[in-house]
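The block underneath contains the structure these notes are about, expressed in structure tokens.
The values are calculated or read from the model by the stated rules, or taken from the named source; none is laboratory data. Note that the structure is predicted; figures quoted are calculated from it, not measured. Cβ: placed from backbone, ideal geometry, glycine included. Neighbour counts: every protein chain shown. Note: areas computed on protein heavy atoms with side chains; ligands, DNA, RNA excluded. Shrake-Rupley method; radii C 1.70, N 1.55, O 1.52, S 1.80 Å.
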Amino acid sequence: MTETSDTRLKKLKFRAWRRGFREADLILGPFADQHVQGFSEDELDTFERLLDQPDQDLYAWILGREPVPPEHDSAIFQRIKAFSLVAHPKGGPVHGG
């Protein structure tokens, strides 16, 4: 891995953990820690575009409270959504219930 790639991964992990919205942090941070190092450049681009979205929107999409815009309904988004269901099953601290 090049230094540029390593720096990018660190920045993406930081952004995933420091959303400013705790519930999103608890999904995106662990997801990034476990998965981004194995992403291709295209997958990193997709993840980065998701991180550019407002916290409330992204969290609502993950929980299925709002429809995911087609431009963000990617394989990476589906992996995040699946990860959230395993990491924080319904009734857990993130999903409430």
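In segment 47-81, the qualifying residues are those that are modelled with pLDDT of 95 or more, of a type in the set (Asp, Glu) and in a helix (DSSP H, G or I), and the one that is farthest from the chain's Cα centre (by Cα) is GLU71. In this structure, is THR7 of a type in the set (S, T, N, Q), under 14 Å from LYS81 (Cβ atoms) and open to solvent by 20 Å² or more (accessible area, probe 1.4 Å)? The answer is no for THR7. Tell me, please, whether a residue that is touching a Gly at 6+ places or on another chain (Cβ under 7 Å) and more than 18 Å from SER5 (Cα to Cα) can be found in segment 49-65. Yes, segment 49-65 contains a residue that is touching a Gly at 6+ places or on another chain (Cβ under 7 Å) and more than 18 Å from SER5 (Cα to Cα). Within segment 1-46, the set of residues being at pLDDT 95 or above and in contact with an Asp or Glu (Cβ under 7 Å, 6 or more places away or on another chain) comprises LEU12, LYS13, TRP17.
Scanning segment 8-26 for residues that are touching a residue at least 24 places away in the same chain (Cβ under 8 Å), under 17 Å from GLU48 (Cβ atoms) and assigned to a helix (DSSP H, G or I) yields ARG8, LEU9, LEU12, ARG15, ALA16, ALA24.
Return a yes/no flag: does segment 1-19 have any residue that is aromatic (Phe, Trp, Tyr) and more than 12 Å from the chain's Cα centre (by Cα). No: segment 1-19 contains no residue that is aromatic (Phe, Trp, Tyr) and more than 12 Å from the chain's Cα centre (by Cα).
What's the total number of residues in segment 26-36 that are surrounded by 14 or more Cβ atoms within 10 Å (Cβ to Cβ) and closer than 14 Å to LYS10 by Cα?
Adding up the residues that qualify gives 7.
For segment 44-86, how many residues are open to solvent by 20 Å² or more (accessible area, probe 1.4 Å), in contact with a Phe, Trp or Tyr (Cβ under 8 Å, 6 or more places away or on another chain) and among the aliphatic types (A, V, I, L, M)? So the count comes out to 1. All conditions but one from (1) open to solvent by 50 Å² or more (accessible area, probe 1.4 Å); (2) closer than 15 Å to ARG79 by Cβ; (3) more than 11 Å from the chain's Cα centre (by Cα) apply to PHE39; the one that does not is (1).
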